[in-house]
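Trainee: Below you will find the structure I want to go over with you.
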Amino acid sequence: MRKYIIANWKSNKNPKEAIEWINIVTAKTPSDIFNYFEVIICAPTVDLPILFDKVNNSFPLKLGAQDISVFPEGSYTGEVSASLISGLAAYVLLGHSERRKLFHETDETIVKKSILALAQGLIPIICISNEDEIVQWKNYAKDKISPKDHPRIIFSYEPLSAISTGEIGRPEDPQKADEFINEIKFKNQITTCIYGGSVNPENISSLIDKDHIDGVLVGSTSLNPEKFLEVLENALPR
Ligand code: PGA
């Protein structure tokens, strides 16, 4: 299975900046990277159409949204439903710790969004910062999300102390992250779990080489296209 390298731009980059970024990255990405990794850019919704035009059919980068509405398409002014995203992106981040904290998202809401995403063919990337959040997700998902859909879902373990929020976070020790991910995958019978929090060109190889870490979510480092390219380069097997 190819591992995942997922950029999370958060609420950064307007369409002009997005196209500058993608032009640099598509020009310089090592071509063999896609033999080893599924590379996904989770961009602000406003950037998805312009990125889609750039990569569609010509470059094997995948796109992801950073959230969807908890409501389906309809009379929900200001909301972006899963169906509006589905032609543009293949993935969607759900339940990022910033959304849980700042927008009071609950585990139940995250499961409702997961159902809407799967129904539209979007693969959810469920962010969790501890084991309880995965247990709660599974509790609410029980009887609502078919177990056959579970292997497609990606979980992303992001310890709160490791996420950089304006200042540098403290990346978790790769060995510790690997052990924790192995444990939660086994106990909760999940197939895919990546790691997120202060991933950078210096620590990528020690994370991506681990047996149980299925990939990484890269936040602030991904904003700089040259740094993101360094992450890709350093992730390649030596
Ligand atoms: P960071 O963010 O890489 O800037 O720590 C990761 C995330 O919050 O997704």
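Trainee: Determine whether the range 7-19 contains at least one residue that is more than 21 Å from GLY196 (Cβ to Cβ), assigned to a loop (DSSP other than H, G, I, E, B) and aliphatic (A, V, I, L, M).
Mentor: There is no residue in the range 7-19 that is more than 21 Å from GLY196 (Cβ to Cβ), assigned to a loop (DSSP other than H, G, I, E, B) and aliphatic (A, V, I, L, M).
Trainee: Filter the range 55-100 for residues that are out of contact with any Ser or Thr (no Cβ under 7 Å at 6 or more places or on another chain) and among the charged types (D, E, K, R); which is farthest from ASP149 (Cα to Cα)?
Mentor: GLU98
Trainee: Exactly one condition in (1) at pLDDT 95 or above; (2) part of a loop (DSSP other than H, G, I, E, B); (3) near the ligand (Cβ under 10 Å from one of its atoms) is false for SER164; which is it?
Mentor: The single condition SER164 does not satisfy is (1).
Trainee: Checking the structure you have, find out if any residue of the range 28-50 is part of a loop (DSSP other than H, G, I, E, B), under 21 Å from ILE208 (Cβ atoms), at pLDDT below 95 and small (Gly, Ala, Ser).
Mentor: For the range 28-50, residues part of a loop (DSSP other than H, G, I, E, B), under 21 Å from ILE208 (Cβ atoms), at pLDDT below 95 and small (Gly, Ala, Ser): present.
Trainee: Continuing with the same structure: List pairs: first residue in the range 1-26 and in contact (Cβ under 8 Å) with a residue 24 or more places away in the chain, second residue in a strand (DSSP E or B) and more than 16 Å from the ligand (Cβ to nearest atom) anywhere in the structure, Cβ distance under 7 angstrom, at least six positions apart or on different chains.
Mentor: Pairs that qualify, where the first residue is in contact (Cβ under 8 Å) with a residue 24 or more places away in the chain and the partner is in a strand (DSSP E or B) and more than 16 Å from the ligand (Cβ to nearest atom), are ARG2/PHE37; ARG2/GLU38; LYS3/PHE37; TYR4/PHE37; TYR4/GLU38; ILE5/PHE37.
Trainee: Now a separate question. Hey, any hits in the range 140-160 for a residue that's modelled with pLDDT of 90 or more, surrounded by fewer than 16 Cβ atoms within 10 Å (Cβ to Cβ) and within 16 Å of the ligand (Cβ to nearest atom)?
Mentor: yes
Trainee: Moving on. Pull out all pairs, ordered by first then second residue, where Cβ-Cβ is under 7 Å, the residues are six or more apart or on different chains, the first lies in the range 73-94 and is in contact (Cβ under 8 Å) with a residue 40 or more places away in the chain, and the second is basic (Lys, Arg).
Mentor: From residues that are in contact (Cβ under 8 Å) with a residue 40 or more places away in the chain, the pairs are ALA90/LYS62; TYR91/LYS62.
Trainee: Search the range 194-221 for residues that are closer than 19 Å to MET1 by Cβ and pair each with any residue that is away from the ligand (no atom under 14 Å from the Cβ) and among the small types (Gly, Ala, Ser) when their beta-carbon atoms are under 7 Å apart and the residues are at least 6 apart or on different chains.
Mentor: Cβ pairs passing all conditions: ILE204/ALA235; SER205/ALA235; ILE208/ALA235.
Trainee: While we're on this one: For residues that are among the small types (Gly, Ala, Ser) and within 18 Å of the chain's Cα centre (by Cα), scanning just the range 1-32, find the one that is surrounded by the most Cβ atoms within 10 Å (Cβ to Cβ). It would help to see each step written out before you state the result.
Mentor: Going through the range 1-32, the residues among the small types (Gly, Ala, Ser) turn out to be 7, 11, 18, 27, 31.
Add one more test, that the residue is within 18 Å of the chain's Cα centre (by Cα), and what stays is 7, 11, 18.
Details: ALA7: 25, SER11: 7, ALA18: 22.
If we take residues in the range 1-32 being among the small types (Gly, Ala, Ser) and within 18 Å of the chain's Cα centre (by Cα), then ALA7 is surrounded by the most Cβ atoms within 10 Å (Cβ to Cβ).
Trainee: Residue check: is VAL231 within 15 Å of the ligand (Cβ to nearest atom), in contact with a Pro (Cβ under 6 Å, 6 or more places away or on another chain) and under 12 Å from ALA7 (Cβ atoms)?
Mentor: Yes; evaluated as a whole, the condition is true for this residue.
Trainee: How about the range 76-95: which of its residues are more than 14 Å from the ligand (Cβ to nearest atom), assigned to a loop (DSSP other than H, G, I, E, B) and not hydroxyl-bearing (Ser, Thr, Tyr)?
Mentor: Within the range 76-95, GLY78, GLU79, VAL80, GLY87, LEU88, ALA89, ALA90 meet the criteria.
Trainee: Only one of GLU108, GLU98 is in contact (Cβ under 8 Å) with a residue 24 or more places away in the chain and away from the ligand (no atom under 16 Å from the Cβ). Can you tell me which?
Mentor: The match here is GLU108.
Trainee: Still on this structure, I have one more. Look at the range 180-238 and say how many of its residues are more than 16 Å from the chain's Cα centre (by Cα), at pLDDT 95 or above, within 30 Å of ALA141 (Cβ to Cβ) and not in a helix (DSSP H, G or I).
Mentor: Looking only at that region, the number is 3.
Trainee: Also: Is it fair to say GLU73 is surrounded by 14 or more Cβ atoms within 10 Å (Cβ to Cβ), acidic (Asp, Glu) and either part of a helix (DSSP H, G or I) or within 16 Å of the ligand (Cβ to nearest atom) (or both)?
Mentor: no
The values are calculated or read from the model by the stated rules, or taken from the named source; none is laboratory data. Everything numeric in this text was worked out from a predicted model, so none of it was measured. Cβ coordinates were reconstructed from backbone atoms using ideal geometry, including for glycine residues, and neighbour counts include every protein chain displayed.
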